[in-house]
């Protein structure tokens, strides 16, 4: 089996937002819609307080709350763990947006471009009518993964088959791969480090692992 | 009240009838214009955002849908619980239930991101989704209540009257439970995610539905010059008081439970203390106007005749109910998700702070359109069919309850 997952090493993330920009450039999300974002957090207690940058977005959960509430089966989970939205089946009820514990869902209400009325080339190619009035979210760049697999590439190892946020990360904080493959980078990182997942108490089984060592 | 109730249709095309229909038609036309604008431009013209995704149209829709199931209670009182005094009201109760549901669903559907895909929602069901179950429950409610109404009107179907009444009563309880569970199943949201949402919504439906019924009954009798004694409104307003008290009880239970849960004190402080418009609507609208004042009118001093008291209390319950649904729907979304408990989180994308929401005029128009649709359906129903009793006793003008 394959279980694609993302790993974010919070000891490495410097909050540069390059992943945010790369995602926006690649997926041409309109202003106000950000599939990959970075939280700015404070942890600890005075005087031992630390600032943490935490990349987040859709967690591609094992038990996605968005999938459970979706009335029209628009939200689906693939065998490899990637949660997808069929834009043609979404009715735009927004129940998934309210149900998601990670605030990862966005509804796009109009065709809006980053710089005025004229689209940039990426927006012209990626922001189509099918995404208007429906829920959208991070796809783990599923089209890159599928195209890369078809070309014999390995997601997480070959950039052509890897999400762009991971490719763009300047410090190597973001990694991607098959968590069921013990030799993959994400599996090894998870095995060798302390990690947590967001809202694991809710039983969603997120596919996003955060490496964190409280002692450091 | 006579043992045999005679029902008569409302005479159409009178000056009052035409004025009413013209007024309601104008409201619906404006609402349709608002829908066209919102769908043509996109929801960015509304006050809704990606943080507050359900806005004022949902407040109206939820109110109407919840009131629909409650409006059927009057019929159930007569048929299921054998209260003879309520039996003449059964037909109007069933019609109003269908009408309110039609109005609520119209608003809900027209506010979807893709209302053109209603057929998709009706043909692709995710049976793990309570939302999908509600689509079935709402459709089934229409059918069950239509059958129930038929058994009330056709003497040949009299043997099905009791089974239909029981089915309709059971269905309405499940329907409101389903509506409450839309919020109760949202574990991610601190303001929701509680089993008490289901009984709370049932209590809300009892109060809203009866209030709507009293208003429609009183106004239709007044406009068609039908006589109504004091016994019925006195009984109805006391029953309304009971339902309002139940609503207050479950509201208190909900908030006390929330305060008891670790990690939910923030959202409770927001709703109860420092949430601005949401706090004002909770205490002033929901608790004061929609709770304490109607209780005082129902059970308090006798300054007015029962019919007037019933009308006053019902108006308060409707306005307070809209405030209550606002607090639940919008107040609950305005409070940000606790992405990392115990940590302060922020980002450039609306994380970690209270979300603003101000309804646009388009949303107000759509919501009012739902109410107008309900009233048009009701008016057409009592015009086309013999649903309205010819009289309900003689008015005495006394403020004292005869029973």
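The values are calculated or read from the model by the stated rules, or taken from the named source; none is laboratory data. On a predicted model such as this, the values are computed, not experimentally measured, just so you know. Neighbour counts run over all protein chains shown; Cβ positions are idealised from the backbone, glycine included.
Please go through segment A:2-49 and give me each residue that is more than 14 Å from chain B (Cβ to nearest Cβ), more than 23 Å from residue A:185 (Cα to Cα) and touching a residue at least 24 places away in the same chain (Cβ under 8 Å), ordered by number.
Result: A:25, A:26, A:27, A:28.
Looking for whichever is within 11 Å of another protein chain (Cβ to nearest Cβ), in a helix (DSSP H, G or I) and touching a helix residue (DSSP H, G or I) at 6+ places or on another chain (Cβ under 9 Å) here; the options are B:48, B:38. Which one fits?
B:38
Which of the residues that make up segment A:50-67 are within 10 Å of chain B (Cβ to nearest Cβ) and surrounded by fewer than 22 Cβ atoms within 10 Å (Cβ to Cβ)?
A:52, A:53, A:67
Applying the selection to segment B:12-21, what residues are touching a residue at least 12 places away in the same chain (Cβ under 8 Å) and part of a loop (DSSP other than H, G, I, E, B)?
Hit for segment B:12-21 is B:12, nothing else.
Check B:213, B:221, B:206 and return the single one that is modelled with pLDDT of 95 or more and in contact with a strand residue (DSSP E or B) (Cβ under 7 Å, 6 or more places away or on another chain).
B:221
With respect to the numbered conditions (1) under 30 Å from residue B:298 (Cα atoms); (2) away from every other protein chain (no Cβ under 14 Å), which one is the sole condition not fulfilled by residue B:157?
So residue B:157 meets the others, but not (1).
Restrict the check to segment A:8-16 and report whether at least one residue is in a strand (DSSP E or B), modelled with pLDDT of 95 or more and under 26 Å from residue A:178 (Cβ atoms).
Yes.
Filter segment A:91-126 down to the residues that are in a loop (DSSP other than H, G, I, E, B) and within 18 Å of the chain's Cα centre (by Cα), then identify the one that is farthest from the other protein chains (Cβ to nearest Cβ).
Of everything passing the filter in segment A:91-126, A:104 is farthest from the other protein chains (Cβ to nearest Cβ).
Within segment B:180-211, can you find the residues that are within 13 Å of another protein chain (Cβ to nearest Cβ) and either touching a residue at least 40 places away in the same chain (Cβ under 8 Å) or part of a loop (DSSP other than H, G, I, E, B) (or both)? First the steps, then the outcome.
If we filter segment B:180-211 for residues that are within 13 Å of another protein chain (Cβ to nearest Cβ), which is where we start, we get B:181-193.
Within segment B:180-211, B:181, B:182, B:183, B:185, B:186, B:187, B:188, B:189, B:190, B:191, B:192, B:193 meet the criteria.
Can you tell me which of B:276, B:285 is out of contact with any helix residue (DSSP H, G or I) (no Cβ under 8 Å at 6 or more places or on another chain) and more than 21 Å from residue B:219 (Cα to Cα)?
After applying the criteria, what remains is B:276.
Among the residues of segment A:93-132, how many are crowded, with 23+ Cβ neighbours inside 10 Å, at pLDDT 90 or above and over 16 Å from residue B:337 (Cβ atoms)?
2
Evaluate segment B:140-152: report whether one residue or more is under 27 Å from residue A:133 (Cβ atoms) and part of a helix (DSSP H, G or I).
Yes, because at least one residue in segment B:140-152 is under 27 Å from residue A:133 (Cβ atoms) and part of a helix (DSSP H, G or I).
Test residue A:88 against the criterion of being surrounded by fewer than 22 Cβ atoms within 10 Å (Cβ to Cβ), farther than 30 Å from residue B:335 by Cα and within 14 Å of another protein chain (Cβ to nearest Cβ), and give yes or no.
Yes: the conditions hold for residue A:88.
Determine if segment A:130-140 includes at least one residue that is over 25 Å from residue A:86 (Cβ atoms) and assigned to a loop (DSSP other than H, G, I, E, B).
So far as segment A:130-140 goes, no, none of its residues is over 25 Å from residue A:86 (Cβ atoms) and assigned to a loop (DSSP other than H, G, I, E, B).
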